[in-house]
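The values are calculated or read from the model by the stated rules, or taken from the named source; none is laboratory data. All figures in this text were calculated on a predicted structure; none of them were measured in a lab. All Cβ positions, glycine included, derive from the backbone under ideal geometry; neighbour counts span all protein chains shown.
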Amino acid sequence: MYGWAGQRLRVDLTTGEITKEPLSYEYRRKWIGGRGFNSEVMYNEVPANMDPFDPRARVCFGTGPMSGTAAPSTGRVTVTCKSPLTGGFGDSNMGGHWGAEVKYAGYDQIIIQGRAKHPVYLWIDDDKVEIRDARHLWGKFPRDADPMIKQELGDEDIHIMMIGPAGENMVRFACAFNDVWRAAGRTGTGAVIGSKNLKAIATRGSGTVKIADPKKMMDVCNRLRQAFKTDPMKIGLNMFGSLCLINVANRDGWFPWNNFQFGSHPLANNVSGESHAETVLKHREGCFACPIACGRFTEIRDGKYAGETFGGPEYEHAVPTGPRCGIVEDPNDVWHNCRLTNDYGLDAIECGGAISSAMEWFQRGLITTKDTGGLELTFGNADATEKLIHQIGQRKGFGAILAEGADRAADKLGLPKEAHYYTITTRGMTLPGDDPRGLGFGYGLSFAVGTRGGCDHLRSLCCLELSGALYPGLNTKLLGDESANKPVTTNGKSYMVYYEENQKATTDCLNVCCFTTHWSYAVLTPDQVEYLNAVTGLDFTEEEFQEVGERVVNLERAYWNKHMSGAREDTVPERFLKEPMPENGVDYQTNIGATLPLNEMLPQYYKYRDWDSKTGFPTERKLKQLGLENVAKDLAPLRSKYLSEAEKKNVKYYV
Amino acid sequence: MSEQKKLIYNNEICTGCRSCVVGCSLYHDGECGKVVSRVAIVRNEQHGESYVVGCDGCTDAPCAAVCPTGACAMDPVAGITKVDANKCIGCKECANACPFGAINMHYKTGKAFKCDLCEGRDEGPVCADWCVSGAISYETPTIAMKGKRREKLNERLKAAKVGEEG
Amino acid sequence: MAIMNKTQAKKLIEQPDKMLDVLNYLVEKKVISADDHRATLLKGFSKLVAVLQEKKVINAKGAKAAMQGGFASLLETISA
């Protein structure tokens, strides 16, 4: 078989049963792989009323037909679960090299269900699969447990998916990693993995991916890789990592300062990629087959954290436990916090989000040191932030409350409804470090409707409004409007989000890195169709390619609808709708006074999606068009139920 | 005869991306995988260290010296040893003799396979062509060492300047 | 070929997001099919330009101008 391995691995940790299930041509054609396979399993095997920590819940790891091939950036894996943070659909995507290894071992997907009686890890050695004792590994940071497993199995070249202590402690936003540092950050997949008593999946793959047309594949891969050599976005990312965005964010007013009260700060450059490269960059790193290599490896070289090293940070890693908490003066404080979230295995975005929300509650007198166990949660207090990350990872003290996520924490503390204004969440998940009053109106729209809990830059990753200006003519070619490349305009944004969400979803099904097709647009949809067909020997068209993504988005949307989440929840934190962007001492900030005009874009977006604007449910017509007849049947009785519930109850912050 | 180009490796700037590995496998074998690649990347994940292991183009190559059938022999035009699969008996002596571990046995044939500098490829070896960071470069040792000489000199000058200021 | 008048074109040009309304109008006027509508929605503006050129609604010059100037140019070309 070309491209795919042709089978998935299912492991039941309760019974110890290990099965290999073949994947039919029809299934592979309809869902392609990665996020597509995972979302299909989630929709059909994890019912809406199930607790995410129920042993019967699934966690899926999906690779795609492109995984392990020579196309640009093919190491990625999608990890999918019912999110303990939001209660709804959750997934995250990690780079590294484990995805290629899983494919070489002979699997397109791994499904874990059940719960082991004690901590275990899985050892996948090609077709031999074994459940092994992990009690000696439980409690260990990934950077310690990874070499232990390699030594135990006698092979230092294997690749390992792993959770940290936060996942073991079921912190609701714990994450998963592979190759120690490569995080699948969001939606709490690490907590679900931990709830199953699974520490790691060690993998050795000695197979290869068969290519239908090797010559064609070599030609297209070569052409794309030559293009990357001079690609402007690649150059910036390679030189300075995703931290190359810091100074841009500061200028365009999306730098999240003090829990998004401001969009810039005079000292932002302290945590920029340029500063990082000059002071603490040890190595540049690349995921499997990547022509960009935006990864960082950091070594803190002075101050009280001197000697600490870690993989990362990314922009979205450094910003939440740094500037969002008011910390920027000593960048080593920020790098140290990044290492901590790696060590514990915490979603840095959610962790920093919870802390900065608590800081704003503290600022506004909603909580005091009585609630925080003595911690002075003032913005900029690096010591308190650091202590709190430890507490969250260990589920101790005030950290144990924040470990529930900011919205649940507000309720647990008995705070007034006002507290939810400061959690900066949609559907219970907090915003990444991108203030939609600056980046941008398209992003802002996709935060409202994103299918893993909103407030999520990676559902559309509509970089047509971020890096689009570096590719003159691209916005015209795709949207018919070059002015859409500006972030603070509604021009073309409803269509932009529709297009980019579909494109991103299919990209996640192939499981190639979206940095090659968003941010950098060196790879466009026709190129992806070309390499997909060269690998698989099939005849996908550009329409079919985009349609798969549309199908996946609608399926995930329907999963939320089953949880009674729809149009009423399609919003962004009120701060962005109500508070005009203020100044903060940066005289070149470009978006002073901006608010997000969500309601100017959302109705049109529903039309593009063919979703009913009252419920926010996909219409029956749309679901049938996408081959989702079973989903149409599921949603039929729920439409009126949603309307009547939406009228009666308050907005739900999480399911 | 002018100096032949070799593959020059710089582990300090290797990103560990394995673009070289996957490109080599696709180019030579028409399938993608580490096991059919003639170049390997060795990583220490927790320390972020990457090492390129590939043919160093030895002049008095141990791999050719130990071969009992002459299958592994120097190609004087290319400037690198090559394995003739028809003569190879799969004894693994060349793989054991290589000081770098740059020779492997092919999973399909059991015979030795190694780097051949992508003979016939206009753009030169795939690994050097696709390398993101220049950790693999395809150049003459003279050019490579000139670059190294200046790099090391600059480091010494920088350190001396810091010493003066300190 | 003129498919709409200048007033209609001006109204559409002034809209921040035009793609869907333009496509709906073209289907209503039977200039493009429902399949073309779907294909454009999935593939983007360049598909619409290609379809209109194929149907001889615009010529090569008009198509080139549209790929430079987007909807503003295209709507100008197909209105009178």
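Condition first: surrounded by fewer than 20 Cβ atoms within 10 Å (Cβ to Cβ) and touching a helix residue (DSSP H, G or I) at 6+ places or on another chain (Cβ under 9 Å). Can you find one or more residues in the range B:48-55 that meet it? Yes, the range B:48-55 has at least one match.
Scanning the range A:244-272 for residues that are closer than 22 Å to A:L464 by Cβ and in a helix (DSSP H, G or I) turns up A:C244, A:L245, A:I246, A:N247, A:V248, A:A249, A:N250, A:R251, A:D252.
Looking only at the range B:24-41, count how many residues are surrounded by fewer than 23 Cβ atoms within 10 Å (Cβ to Cβ), without any contact (Cβ under 8 Å) to a residue 24 or more places away in the chain and within 7 Å of another protein chain (Cβ to nearest Cβ). Going through the range B:24-41 one residue at a time, the tally reaches 2. Note on the range A:608-629: residues that are in contact (Cβ under 8 Å) with a residue 40 or more places away in the chain and surrounded by fewer than 16 Cβ atoms within 10 Å (Cβ to Cβ) amount to 3.
Quick grid of which residues meet (1) within 14 Å of chain C (Cβ to nearest Cβ); (2) β-branched (V, I, T):
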position: A:T536; (1), (2): no, yes
position: A:E542; (1), (2): yes, no
position: A:E569; (1), (2): no, no
position: A:P580; (1), (2): no, no
position: A:N584; (1), (2): no, no
position: A:E600; (1), (2): yes, no
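Scan the range A:342-371 for residues that are surrounded by fewer than 24 Cβ atoms within 10 Å (Cβ to Cβ) and either farther than 23 Å from A:G185 by Cβ or not acidic (D, E) (or both) and the total you get is 10. Of the residues A:P22, A:P52, A:P47, the single one that is out of contact with any Phe, Trp or Tyr (no Cβ under 8 Å at 6 or more places or on another chain), buried (at least 24 other Cβ atoms within 10 Å of the Cβ) and either closer than 30 Å to A:C294 by Cα or not hydrophobic (A, V, I, L, M, F, W, C) (or both) is A:P52.
Residues that are free of Cβ contacts under 8 Å to residues at least 12 places away in the same chain number at least 1 in the following helices (runs of 4 or more DSSP H) confined to the range A:71-172: A:142-153.
Here's the yes/no breakdown for (1) more than 27 Å from the chain's Cα centre (by Cα); (2) assigned to a helix (DSSP H, G or I); (3) not small (G, A, S):
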residue: A:F362; (1), (2), (3): yes, yes, yes
residue: A:G365; (1), (2), (3): yes, no, no
residue: A:D383; (1), (2), (3): yes, yes, yes
residue: A:L388; (1), (2), (3): no, yes, yes
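Kindly indicate whether any position in the range A:135-156 is out of contact with any Pro (no Cβ under 7 Å at 6 or more places or on another chain), surrounded by fewer than 19 Cβ atoms within 10 Å (Cβ to Cβ), more than 30 Å from B:G124 (Cα to Cα) and small (G, A, S). Yes: the range A:135-156 contains one or more residues that are out of contact with any Pro (no Cβ under 7 Å at 6 or more places or on another chain), surrounded by fewer than 19 Cβ atoms within 10 Å (Cβ to Cβ), more than 30 Å from B:G124 (Cα to Cα) and small (G, A, S).
Of A:K387, A:K282, A:K304, all but one fail to be within 13 Å of chain B (Cβ to nearest Cβ) and closer than 25 Å to A:D144 by Cα; the exception is A:K282.
Of the candidates B:A85, B:A71, B:A65, B:A78, the single residue that is away from chain A (no Cβ under 11 Å), over 28 Å from A:F177 (Cβ atoms) and within 16 Å of the chain's Cα centre (by Cα) is B:A78. Restricting the search to helices (runs of 4 or more DSSP H) fully inside the range B:91-166 and requiring at least 1 residues that are farther than 24 Å from A:K215 by Cα and within 14 Å of chain A (Cβ to nearest Cβ) gives B:141-165.
Report yes if some residue within the range A:55-66 is of a type in the set (G, A, S) and either buried (at least 24 other Cβ atoms within 10 Å of the Cβ) or part of a strand (DSSP E or B) (or both); otherwise report no. Within the range A:55-66 (the criterion being of a type in the set (G, A, S) and either buried (at least 24 other Cβ atoms within 10 Å of the Cβ) or part of a strand (DSSP E or B) (or both)), the answer is yes, since at least one residue qualifies. Condition (residue is in the same structural domain as A:Q363 (by TED's automatic domain parsing), crowded, with 24+ Cβ neighbours inside 10 Å, in contact with a Leu (Cβ under 7 Å, 6 or more places away or on another chain) and not hydrophobic (A, V, I, L, M, F, W, C)) applied to the range A:275-297: is it met by at least one residue? Yes.
The set of residues from the range A:393-414 being farther than 16 Å from A:G373 by Cβ and more than 23 Å from the chain's Cα centre (by Cα) comprises A:A410, A:D411, A:G414. Out of A:N511, A:N502, one residue alone is closer than 26 Å to A:W4 by Cα and either more than 12 Å from chain C (Cβ to nearest Cβ) or surrounded by fewer than 24 Cβ atoms within 10 Å (Cβ to Cβ) (or both). It is A:N511. Might you let me know whether the range A:198-220 holds any residue that is within 11 Å of chain B (Cβ to nearest Cβ), among the polar types (S, T, N, Q) and assigned to a loop (DSSP other than H, G, I, E, B)? Yes, the range A:198-220 contains a residue that is within 11 Å of chain B (Cβ to nearest Cβ), among the polar types (S, T, N, Q) and assigned to a loop (DSSP other than H, G, I, E, B). Here the range A:438-486 is the region considered, the condition is being under 23 Å from C:S73 (Cβ atoms), of a type in the set (S, T, N, Q) and surrounded by 24 or more Cβ atoms within 10 Å (Cβ to Cβ), and the residue that is farthest from the chain's Cα centre (by Cα) is A:T476.
Criterion applied to B:K92, B:K111, B:K161, B:K87 was being without any contact (Cβ under 8 Å) to a residue 60 or more places away in the chain, closer than 15 Å to B:S37 by Cα and of a type in the set (D, E, K, R), and the one residue passing it is B:K111. Taken over the range C:1-51, the criterion of being touching a strand residue (DSSP E or B) at 6+ places or on another chain (Cβ under 9 Å), more than 14 Å from every other protein chain (Cβ to nearest Cβ) and buried (at least 18 other Cβ atoms within 10 Å of the Cβ) is satisfied by C:I3, C:M4.
A quick yes/no check of all residues on (1) over 16 Å from A:S195 (Cβ atoms); (2) buried (at least 24 other Cβ atoms within 10 Å of the Cβ); (3) touching a helix residue (DSSP H, G or I) at 6+ places or on another chain (Cβ under 7 Å):
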{"position": "A:V77", "(1), (2), (3)": "yes, yes, yes"}
{"position": "A:T80", "(1), (2), (3)": "no, yes, yes"}
{"position": "A:S83", "(1), (2), (3)": "no, yes, no"}
{"position": "A:T86", "(1), (2), (3)": "no, yes, no"}
{"position": "A:M94", "(1), (2), (3)": "yes, yes, no"}
{"position": "A:A100", "(1), (2), (3)": "yes, yes, no"}
{"position": "A:G106", "(1), (2), (3)": "yes, no, no"}
{"position": "A:Q113", "(1), (2), (3)": "no, no, no"}
{"position": "A:W123", "(1), (2), (3)": "yes, no, yes"}
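Looking only at the range A:552-579, how many residues end up being closer than 17 Å to A:D407 by Cα, of a type in the set (S, T, N, Q) and assigned to a helix (DSSP H, G or I)? Counting residues in the range A:552-579 that are closer than 17 Å to A:D407 by Cα, of a type in the set (S, T, N, Q) and assigned to a helix (DSSP H, G or I) gives 0.
Could you look through the range A:514-534, keep only residues that are assigned to a helix (DSSP H, G or I), among the β-branched types (V, I, T) and touching a Lys or Arg at 6+ places or on another chain (Cβ under 9 Å), and pick out the one that is farthest from the other protein chains (Cβ to nearest Cβ)? That would be A:T516.
Of the listed requirements (1) within 14 Å of chain B (Cβ to nearest Cβ); (2) surrounded by 24 or more Cβ atoms within 10 Å (Cβ to Cβ), A:W254 misses just one: (1). Answer yes if at least one residue in the range A:416-430 is more than 23 Å from the chain's Cα centre (by Cα), within 14 Å of chain C (Cβ to nearest Cβ), at pLDDT 95 or above and assigned to a loop (DSSP other than H, G, I, E, B), and no otherwise. No: the range A:416-430 contains no residue that is more than 23 Å from the chain's Cα centre (by Cα), within 14 Å of chain C (Cβ to nearest Cβ), at pLDDT 95 or above and assigned to a loop (DSSP other than H, G, I, E, B).
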